[in-house]
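Asks: Right, I'll just put the structure down here and ask away after.
The values are calculated or read from the model by the stated rules, or taken from the named source; none is laboratory data. Values in this document were obtained by computation on a predicted structure and should not be read as measured data. Quick reminder, even Gly has a Cβ in these numbers, built from the backbone with ideal geometry, and neighbours come from all protein chains shown. Quick note on the areas: whole protein, heavy atoms, side chains included, nothing else; ligands and nucleic acids left out. Shrake-Rupley method; radii C 1.70, N 1.55, O 1.52, S 1.80 Å.
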Amino acid sequence: MPSFDRLITDVARQTLKETIEDAKGNEVFFLCSTDERGLIDEATPLARGNDSAVPALLQVASQGDVIVHNHPSGYLVPSSADVTIASEYGNRGVGFYIIDNAVREVYVVVAAFKREQIRLIERESTLQLLLPEGRVARQLSGFESRREQQQMLESVIDAFNESKLALIEAGTGTGKSLAYLLPAISWAVSNKQRVVISTNTINLQEQLINKDLPLLSAALQQEFKSVLVKGRGNYVCLSKVQTLEKDGPLLLATEEQAELQALIQWAHKTEDGSRSDLSFLPTQLAWEKVACESDNCARIKCSFYADCFFYRARRNAASADLLVVNHHLLFSDLALRAETERYQDMAILPGYSHIVLDEAHNIEDVATSHFGLQVSKHGLLRQLARFYSLREKEKVRERGLLPFLLHQLGSLQQRIDLNLYTRLDQHIRERLIPQREHFVFQVSNTFDDLAVFFRILSPEATNEARIRLTPEIHDHPEWQNSVLTAVRQFLQEAREFHQQLLALEQSLEYLPDSVLDPLLPQTVELSALTDRVEAAAATVAEIFGEPDEDKVRWVEIRTRGTNQWVTLKQAPLNVAQALGQRLFDRFKTVVMTSATLTTEARFDFIRSRLGLQRFTQDRLVEQALPSSFSYPDQVILGIPTDIPLPDHASFQKAISQLIYRSIEISQGRALVLFTSYSLLDNVFKELLDPLKSMGIRALKQGETPRHRLTEIFKTDQTSVLFATDSFWEGVDVAGEALQNVILTRLPFNVPKEPVVEARVEAIEKRGGNSFLEYSVPQAVIKLKQGFGRLIRAKTDLGSILILDRRIVDRSYGKVFLRSLPKCQEAIGKSDFVLQQIEQFFRKRKTPGQRASASQDASLPTAL
């Protein structure tokens, strides 16, 4: 037999060995990939051995892959069934190996095949697909060939063929999704190398999966498979469902049982087990009780492994050419790969080598979130409640993992040694549960003391305060004498509780298999929750450790009545190094695209924030493409210059009047974007009745779920939507439902937001101008996003009204104006601006207008 080191890498061998051990030596089938030497370098367990599962692997294996399975007997000579199946695999260029349980010996039934040589994307034939006579065009009625789309397509082809990084700004209407999907499909299919397409919003994911990819599937002659990949937490766990169905009264409070019962009934009927398949929106607490969790999963040892919705989805993803994901899932995957140093193996996602990041202007924010840490009082207490909770007035007083474990042990008592059973019972009742109570008390005390300290330190703080842990705070006497003392006590209680949990885990290992097997869900959950206690303590220790200039640490305090939420957070000051190590230096091709990547047509800002300035033109391609829309014909930009500055006391009253008059011109059909929820709320209250008397429905962000609010706005063509931060981007409303976008002020980030404040200070410290280098470019990109809400099709038209005169009064305002698409402009006094906008609508034969809104006499006396 060939030696292992000539067939399988050490990393893959370890994966095989650990998985077989987890399966208690039972038969497991693995899908394995090979490297350029022909050695297995990635092993993904796909099925336990049975007649129905094995042939199904043919659907996911491709040339160059190897199917590996173990013979528990240690006798490695292939059976007749092995030979039959291996023959089928061999016909497809797939190898077939048999190994022993110790993963020391291997029998090669069919040797691994060499992967095909890299096939470059054929430029001319791909470009022709998007020409008027091309196959894609024939699938689209009214297709228009766009020069900008062709240019982007060429750049993406080059990025794939030449293993480059690419920054591509493609204006709205370019058709950028087709321009990057065509090369991605071609590369993935031709080279059997999976490509990830990542977006920031679910709207774009749904467009890709439900519209663009089906279109290309119909148009192209080559077959490909694309899969929308969701995070594990989106799927229901059948093991949890079974436990709740059987023992719900022992685990659930009375008020929880009705909602959980509805989830259990749905779990038995759902096709894909995904939360999006639900007909109702469950509470977060209810969903957590049935959701899949990465650390609370028995994996191949689980009796539901073959039917698991999550693993079924992952097996489906393992056979896909294209994976459509969101940025958060991608960066979670990158973080895990950095931790394990396994860049080709299955992590959260199957292995991939090329990435397209759409909506790439969000990369820095997403990376900052995912490369950081956080722990909250509420979240920690919720985790501790999973161990134990006491309900004095209920029939079942004690609930949680520990009482349930005692109940389960009691039901299996006859199979357990009496001394071991007594020791376990005493350890849980006399040590763990009391220690858990001590820790709960200390958690509440520590976080409450923090809130008191910061309320005294910043008495002017609002109901939502974010306070950065600066050197001045670290040197404060009260911090040293009181806060850090409480933190040390917290860490001591956490360590003691963690040690008691580890002791319980160790004692449970002495139970016989006949007891441990039925307890598998509980022992897995115990291990997961134990690790979470340790991780929470480590996070607190890190955040309260020695000051680190490369990290931003802060406390968030939210108060609602008598309730108070306290969260500790840490984020990297700069994500450039982490992005280089985890993304740009690891993957051959990374295409980053968005409608808003530049300021004044330059990539300087995004390049510096992502750490791309170290790459030369040989590796990094930059391309800024204008929109295909005719903005001079479709848009008028209005900027009143006689309104107060945003920090003036009369600003709110002035913009309320202008917003009303503008809405009167457009007869509703308006999106009013704010940077402050308090200003939004005040203006909304002021305009609600006047708009209602005009027959216009006013919608406000927060009153209805975001997706529902957007749908109402789209269908009610005279409505007005008042919104803030998240609606500046990702809202796609084409046609007459939106003809008026009002931007109430330039969208500068809040300067006291901890990460912003720290990054500004770092720029100033090195001698830079933080306002021009950081604040202005960041605001420009967001303003471009807000501007982009208006025109979504070539037939759209309307007005953009910017109610912040700094865009023309201040020297930096030119940067904003030069970064926006060229269109008609009306800059001057309010009456002039509104008259010009009204004339614009009249000339374009929009729905009949009301009486002129440019006359003060038309305003309600309430305004």
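Asks: Give, as residue ranges, the helices (runs of 4 or more DSSP H) completely inside region 83-192 that count at least 3 residues that are at pLDDT 95 or above and crowded, with 16+ Cβ neighbours inside 10 Å.
Replies: 147-161, 176-191
Asks: I've got another one for you. Being among the hydroxyl-bearing types (S, T, Y), open to solvent by 40 Å² or more (accessible area, probe 1.4 Å) and outside any loop (DSSP other than H, G, I, E, B) is the filter here; which residues of region 698-718 pass it?
Replies: Of everything in region 698-718, just one residue is among the hydroxyl-bearing types (S, T, Y), open to solvent by 40 Å² or more (accessible area, probe 1.4 Å) and outside any loop (DSSP other than H, G, I, E, B), namely T715.
Asks: For the condition open to solvent by 10 Å² or more (accessible area, probe 1.4 Å), in contact with a helix residue (DSSP H, G or I) (Cβ under 7 Å, 6 or more places away or on another chain) and either farther than 22 Å from S594 by Cα or assigned to a helix (DSSP H, G or I) (or both), what is the one hit in Q205, Q222?
Replies: Only one candidate qualifies: Q222.
Asks: Only residues that are in a helix (DSSP H, G or I), under 21 Å from P646 (Cα atoms) and in contact with a Lys or Arg (Cβ under 7 Å, 6 or more places away or on another chain): list them for region 751-804, please.
Replies: E757, Y774
Asks: Can you report the number of residues in region 412-436 which are in a helix (DSSP H, G or I) and open to solvent by less than 80 Å² (accessible area, probe 1.4 Å)?
Replies: Residues that pass the stated criteria total 13.
Asks: Run down R602, R607 and say which single residue is among the charged types (D, E, K, R), more than 26 Å from C823 (Cβ to Cβ) and surrounded by fewer than 21 Cβ atoms within 10 Å (Cβ to Cβ).
Replies: R607
Asks: Could you list, in sequence order, the residues of region 477-515 that are open to solvent by 20 Å² or more (accessible area, probe 1.4 Å), in contact with a Leu (Cβ under 7 Å, 6 or more places away or on another chain) and in a helix (DSSP H, G or I)?
Replies: Within region 477-515, Q500, E505, S507 meet the criteria.
Asks: To continue, here is another question. Quick one: how many residues across region 528-566 are hydroxyl-bearing (S, T, Y), open to solvent by 20 Å² or more (accessible area, probe 1.4 Å) and either within 14 Å of S376 (Cα to Cα) or not in a loop (DSSP other than H, G, I, E, B) (or both)?
Replies: Going through region 528-566 one residue at a time, the tally reaches 1.
Asks: Among the listed residues K794, K692, identify the single one that is of a type in the set (K, R) and either modelled with pLDDT of 95 or more or out of contact with any Phe, Trp or Tyr (no Cβ under 9 Å at 6 or more places or on another chain) (or both).
Replies: On inspection, the qualifying residue turns out to be K692.
Asks: For residues that are buried (at least 18 other Cβ atoms within 10 Å of the Cβ) and either touching a residue at least 60 places away in the same chain (Cβ under 8 Å) or not polar (S, T, N, Q) (or both), tally how many sit in region 719-735.
Replies: 10
Asks: From the list F404, F371, which residue is at pLDDT below 95, open to solvent by less than 60 Å² (accessible area, probe 1.4 Å), among the aromatic types (F, W, Y) and closer than 27 Å to I543 by Cβ?
Replies: After applying the criteria, what remains is F371.
Asks: Could you tell me which of the residues L260, L228 is farther than 30 Å from L129 by Cα and either open to solvent by less than 50 Å² (accessible area, probe 1.4 Å) or touching a helix residue (DSSP H, G or I) at 6+ places or on another chain (Cβ under 7 Å) (or both)?
Replies: The match here is L260.
Asks: Let me ask another. Tally time: how many residues in region 620-640 are touching a helix residue (DSSP H, G or I) at 6+ places or on another chain (Cβ under 8 Å) and under 15 Å from I742 (Cα atoms)?
Replies: Of the residues in that region, 4 qualify.
Asks: Please give the number of the condition R397 fails out of (1) farther than 30 Å from L252 by Cα; (2) among the charged types (D, E, K, R); (3) open to solvent by 30 Å² or more (accessible area, probe 1.4 Å).
Replies: Looking at each condition in turn, R397 falls short on (1).
Asks: If I ask for residues that are in contact (Cβ under 8 Å) with a residue 40 or more places away in the chain and part of a helix (DSSP H, G or I), which ones from region 609-642 would you list?
Replies: Matches in region 609-642: R609, L610, L612, Y631, P632, D633, Q634.
Asks: Taking region 736-745 only, how many residues are touching a helix residue (DSSP H, G or I) at 6+ places or on another chain (Cβ under 9 Å) and open to solvent by 10 Å² or more (accessible area, probe 1.4 Å)?
Replies: Residues in region 736-745 being touching a helix residue (DSSP H, G or I) at 6+ places or on another chain (Cβ under 9 Å) and open to solvent by 10 Å² or more (accessible area, probe 1.4 Å): 2 in total.
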